[in-house]
Amino acid sequence: MRFLFKTDYAQDTRLFPFGGTKRFWSGLALYAAILVALAHYAPVALTSTHWLGLAIVYAVAFGAVLLRQNADGEGGHAAFWYGLLGVAALSAPFVLDLYFLSQITFVYVYAIAGVGLILLLGMCGQISLGHAAFMACGAYTAALLQAQGFDLLVTLPAAILLSALLGVVIGLPALRMTGIYLAFATYAFAFIVEEVLARWDGLTGGNMGFVLSDPSILGYTFDSEQKMYYLAMVLFALTLLAGLNIRRSSTGRAFMAIRDSETAAEAMGVNLAVYKTTAFAISAGMAGLAGAVYAHLLFFISPEGFTILLSINLLVLAVIGGLASMHGAIFGAAFIVVLPQLISLTKDSLPPVVGQLPGLESGIFGLVIILFVILEPMGLHGRWMKIKTYFQLFPLYKRGTFRRQKSYMVSEKNR
Amino acid sequence: MTLLEVENLAVHFGGIKAVDGVSFGVDKGEIFTIIGPNGAGKSTIFNLVSRIYQPTSGRIRFEGKDITGLPAHRIAGLGIARTFQNIELFDMATVLDNMMLGRHAHRRTGPFAHLFFGPATRAEELAHRRKIEEVIDFLDLQHYRDQMIANLPYGVRKVVELGRALCTEPKILLLDEPSSGLNVEETEDMSFWISDIKNILGITVIMVEHDMNLVNEVSDRVLALNYGRVIATGTPAEVQAHPEVIRAYLGGDDTETEAA
Ligand SMILES: Nc1ncnc2c1ncn2[C@@H]1O[C@H](COP(=O)(O)OP(=O)(O)O)[C@@H](O)[C@H]1O
Ligand SMILES: [Mg+2]
């Protein structure tokens with residue numbers, strides 16, 4: 001049956017389907033190198049607690065890599081790189097200064113919402129300009145419940161559930177509309193949510209905003225930048241895992257079916273209404289989670305934080321990161337965190353006519369999105385895959401490898 | 001035993017009577033072919049049976065049960081699978097994903113469970129994966145498992161679409177022009193597969209086909225359609241000798257109406 005490359009079906013249901021052992025061992029050396037580098041360059045003196053923590057982290061990462069390998073030593077390769085990434089991420093609070101650390105924390109938070117949007121737009125093919133509203137819903141739910149004395153165990157699930165419900169409502173137009181019409185419909189809804197938040201000041205504090213305190217869980221309080229960093233990181237990892245799980249199960253396949261051909265999806269038994277609504281619910285739930293963490297990071301939320309600009313930022317994130325892959329969320333999130341800072345850095349050295357232009361940032365964002373859609377529709381992750389393939393196939397790389405074939409006209413499809 | 005029964009089926013698009021009072025029955029285990037000139041309404045009949053189009057009048061019964069009012073997404077679960085004249089695959093997904101979508105109607109776990117991909121989901125995925133491997137072996141698709149549809153040549157896509165339909169474990173299979181766009185060898189393979197689908201897998205087949213060699217090789221009964229109306233039914237030889245059929249194919253678009 002399966003003579004070449006693969007040995008069992010379980011491979012296809014794995015999180016990391018392909019792998020090899022080669023780099024696993026070279027990776028060992030890298031782990032060691034990081035360890036040494038940490039000891040030398042860490043800005044804080046590493047105490048024995050730090051070392052213990054790091055040792056546990058490394059042990060867990062190694063264990064994960066070893067566990068993922070099957071008898072043939074497959075599967076360890078991708079897992080190894082994830083492990084390495086995990087270790088780098090876990091060690092960041094020891095080596096980075098607080099400013100950078102908080103920036104990465106924001107990257108995680110945007111990436112949480114980004115996974116949701118990539119799931120909706122990239123996987124299911126449904127656009128949304130309403131994701132700011134879902135983040136707002138999550139943020140206010142978390143804030144209001146925290147004010148009632150609940151901890152994260154209550155506030156986060158509540159934020160996710162309420163946002164998912166709102167997602168179902170906002171997703172309803174998706175049952176009848178597509179493309180630009182859907183974009184407008186979701187935008188209109190998001191606008192309503194923003195207005196409600198501003199007007200219902202008895203509950204939300206209106207435009208004056210709402211102040212939060214440090215989040216806590218079972219009496220443990222996240223009262224430092226480092227702790228918030230870890231919180232956001234873990235939540236991002238869980239969200240990414242959930243997204244990848246959806247991707248490798250029948251729900252994710254149903255989403256892709258809807259994206260590629262609604263007619264064929266129905267013929268396979270996919271209930272379009274149910275699955276489009278589900279896609280909106282999951283996506284909104286993830287955005288809601290991001291909103292809740294966002295609120296705790298900022299300590300202060302107001303309706304101005306959740307305008308159309310945020311929705312567009314998230315859209316930029318998804319398109320830049322790459323709609324074809326969940327991992328792209330982290331690239332995209334890094335992009336939307338870094339770009340505004342780059343712009344404000346260069347602003348002063350630009351001639352004032354350009355530098356002081358109102359809407360310079362939105363303009364550049366728009367331009368970037370257009371360039372990406374035209375030149376790199378698979379996003380940064382797609383670019384990375386191409387570079388990787390180029391080196392793997394090195395002497396044999398064909399120029400047309402990634403070119404899409406033209407197919408027949410869509411209007412002809414049902415006949 | 002009649003598996004699928006169509007009674008006085010009609011659908012009008014504005015002024016066009018695409019299907020105009022068609023009745024036929026398909027017996028369990030046979031290969032039933034619909035022929036007719038372009039625009040005769042053949043694909044429209046398929047779209048009516050798979051509930052993509054709403055009939056203006058008439059009934060469709062499957063295993064004695066009236067399915068005329070069912071939504072399109074319930075059809076696969078009943079055991080009716082189809083292919084499309086111009087191939088409707090999920091282009092930005094792999095062959096495996098496409099075939100796994102054929103298993104959609106057989107899923108037992110829901111989206112909430114899928115977020116966690118627990119043991120039940122994993123077991124189910126493996127079971128489906130094993131099932132589609134049978135189809136992959138049957139159609140010799142081993143080389144293409146992980147390829148994206150958009151990168152496959154037309155002939156292979158056609159086979160993948162057939163495979164996806166087989167993955168639903170259908171009782172009846174609707175094939176819309178299975179050989180169109182295929183070269184001579186590919187058409188021969190298709191012909192063998194269609195016979196095997198009937199003889200080995202025991203699946204009833206309704207097919208729309210223009211290639212008369214293929215029609216003669218595999219069909220048990222043939223129905224000829226013109227301007228949305230049945231003009232002849234019978235064995236392949238009978239139908240091809242029918243004067244009305246010859247006129248429909250040779251006469252082009254002459255305006256004389258057919259004898260009622
Ligand atoms: N959705 C539709 N809207 C309008 N006219 C249609 C539609 N589908 C099919 N038709 C018309 O019905 C007639 C039969 O089409 P079809 O069933 O595709 O023919 P064929 O026998 O070649 O498969 C044609 O005249 C076609 O234009
Ligand atoms: Mg047709």
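A search for C-beta distances below 6 Å between a residue of region A:222-234 that is outside the structural domain of residue A:108 (by TED's automatic domain parsing) and any residue that is assigned to a helix (DSSP H, G or I) and buried (at least 20 other Cβ atoms within 10 Å of the Cβ), counting only pairs 6+ apart in sequence or on different chains, returns nothing. Examine region B:170-185 for a residue that is away from ligand 2 (no atom under 16 Å from the Cβ) and in a helix (DSSP H, G or I), and state whether such a residue exists. Yes: one or more hits. Would region A:237-250 turn up any residue that is in the same structural domain as residue A:146 (by TED's automatic domain parsing), closer than 23 Å to residue A:100 by Cβ and of a type in the set (A, V, I, L, M, F, W, C)? Yes, region A:237-250 has at least one match.
Which fully enclosed helices (runs of 4 or more DSSP H) of region A:202-269 have 3 or more residues being within 14 Å of chain B (Cβ to nearest Cβ), of a type in the set (Asp, Glu) and over 30 Å from residue A:90 (Cβ atoms)?
Details: elements: A:225-247, A:250-260, A:262-267.
In region A:202-269, no matching helices (runs of 4 or more DSSP H) lie anywhere.
Table: residues versus (1) away from chain A (no Cβ under 14 Å); (2) more than 16 Å from ligand 2 (Cβ to nearest atom); (3) touching a His at 6+ places or on another chain (Cβ under 9 Å).
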{"site": "B:10", "(1), (2), (3)": "yes, yes, no"}
{"site": "B:43", "(1), (2), (3)": "no, no, no"}
{"site": "B:49", "(1), (2), (3)": "no, no, no"}
{"site": "B:62", "(1), (2), (3)": "yes, yes, no"}
{"site": "B:72", "(1), (2), (3)": "no, yes, no"}
{"site": "B:76", "(1), (2), (3)": "no, yes, yes"}
{"site": "B:82", "(1), (2), (3)": "no, no, no"}
{"site": "B:95", "(1), (2), (3)": "no, yes, no"}
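Among the residues of region B:160-181, is any without any contact (Cβ under 8 Å) to a residue 12 or more places away in the chain and either more than 14 Å from chain A (Cβ to nearest Cβ) or over 19 Å from residue B:233 (Cα atoms) (or both)? Checked region B:160-181: no residue is without any contact (Cβ under 8 Å) to a residue 12 or more places away in the chain and either more than 14 Å from chain A (Cβ to nearest Cβ) or over 19 Å from residue B:233 (Cα atoms) (or both). Within region B:182-212, restricting attention to residues that are under 19 Å from residue B:164 (Cβ atoms) and in contact with a Ser or Thr (Cβ under 7 Å, 6 or more places away or on another chain), the residue that is surrounded by the fewest Cβ atoms within 10 Å (Cβ to Cβ) is B:190.
Among residues of region B:69-92 that are within 16 Å of ligand 1 (Cβ to nearest atom), those with a Cβ under 6 angstrom from a residue that is in a helix (DSSP H, G or I) and of a type outside the set (A, V, I, L, M, F, W, C), sequence gap 6+ or separate chain, pair up as B:72/A:266; B:83/B:161; B:85/B:43; B:86/A:412; B:87/B:157; B:87/B:161; B:88/A:263. Screening residue B:45 against (1) aliphatic (A, V, I, L, M); (2) within 15 Å of ligand 1 (Cβ to nearest atom); (3) in contact with a Phe, Trp or Tyr (Cβ under 7 Å, 6 or more places away or on another chain) leaves a single unmet condition, (3). Annotation for region B:118-125: at least one member residue is away from ligand 1 (no atom under 16 Å from the Cβ), within 11 Å of chain A (Cβ to nearest Cβ), of a type in the set (S, T, N, Q) and in contact with a Ser or Thr (Cβ under 7 Å, 6 or more places away or on another chain). From the list B:33, B:56, the one residue that fits, being polar (S, T, N, Q), within 16 Å of ligand 2 (Cβ to nearest atom) and away from chain A (no Cβ under 13 Å), is B:33. With respect to residue A:305, determine if the residue is modelled with pLDDT under 70, assigned by TED's automatic domain parsing to the domain that holds residue A:245 and assigned to a helix (DSSP H, G or I). It is false that residue A:305 is modelled with pLDDT under 70, assigned by TED's automatic domain parsing to the domain that holds residue A:245 and assigned to a helix (DSSP H, G or I). If you go through region B:152-181 and keep only what is of a type in the set (S, T, N, Q) and buried (at least 23 other Cβ atoms within 10 Å of the Cβ), you end up with B:168, B:179.
Name every residue in region A:282-312 that is over 18 Å from residue A:192 (Cα atoms) and surrounded by fewer than 24 Cβ atoms within 10 Å (Cβ to Cβ), in order of residue number. Working first, answer last.
As a first pass, look at region A:282-312 and keep what is over 18 Å from residue A:192 (Cα atoms): A:282-283, A:285-286, A:289-290, A:292-300.
If the condition is that a residue be over 18 Å from residue A:192 (Cα atoms) and surrounded by fewer than 24 Cβ atoms within 10 Å (Cβ to Cβ), then A:297, A:298, A:299, A:300 are the ones that fit.
The set of residues in region B:1-32 being within 13 Å of ligand 1 (Cβ to nearest atom) and out of contact with any Pro (no Cβ under 7 Å at 6 or more places or on another chain) consists of B:12, B:13, B:14, B:15, B:16, B:17, B:18, B:19, B:20, B:22. The number of residues in region B:155-181 being among the aliphatic types (A, V, I, L, M) and either within 16 Å of ligand 1 (Cβ to nearest atom) or touching a Pro at 6+ places or on another chain (Cβ under 6 Å) (or both) comes to 2.
Being surrounded by fewer than 17 Cβ atoms within 10 Å (Cβ to Cβ), assigned by TED's automatic domain parsing to the domain that holds residue B:134 and basic (Lys, Arg), is that true of even one residue in region B:24-34? Among the residues of region B:24-34, not one is surrounded by fewer than 17 Cβ atoms within 10 Å (Cβ to Cβ), assigned by TED's automatic domain parsing to the domain that holds residue B:134 and basic (Lys, Arg), which makes the answer no. Scanning region B:106-114 turns up no residue that is away from ligand 1 (no atom under 16 Å from the Cβ), β-branched (Val, Ile, Thr), outside any helix (DSSP H, G or I) and in contact with a Pro (Cβ under 8 Å, 6 or more places away or on another chain).
The values are calculated or read from the model by the stated rules, or taken from the named source; none is laboratory data. Predicted model, so just to flag it, every value in this text is computed and none were measured. Positions of Cβ are generated from backbone atoms using ideal geometry, with glycine treated the same way; all protein chains shown enter the neighbour counts.
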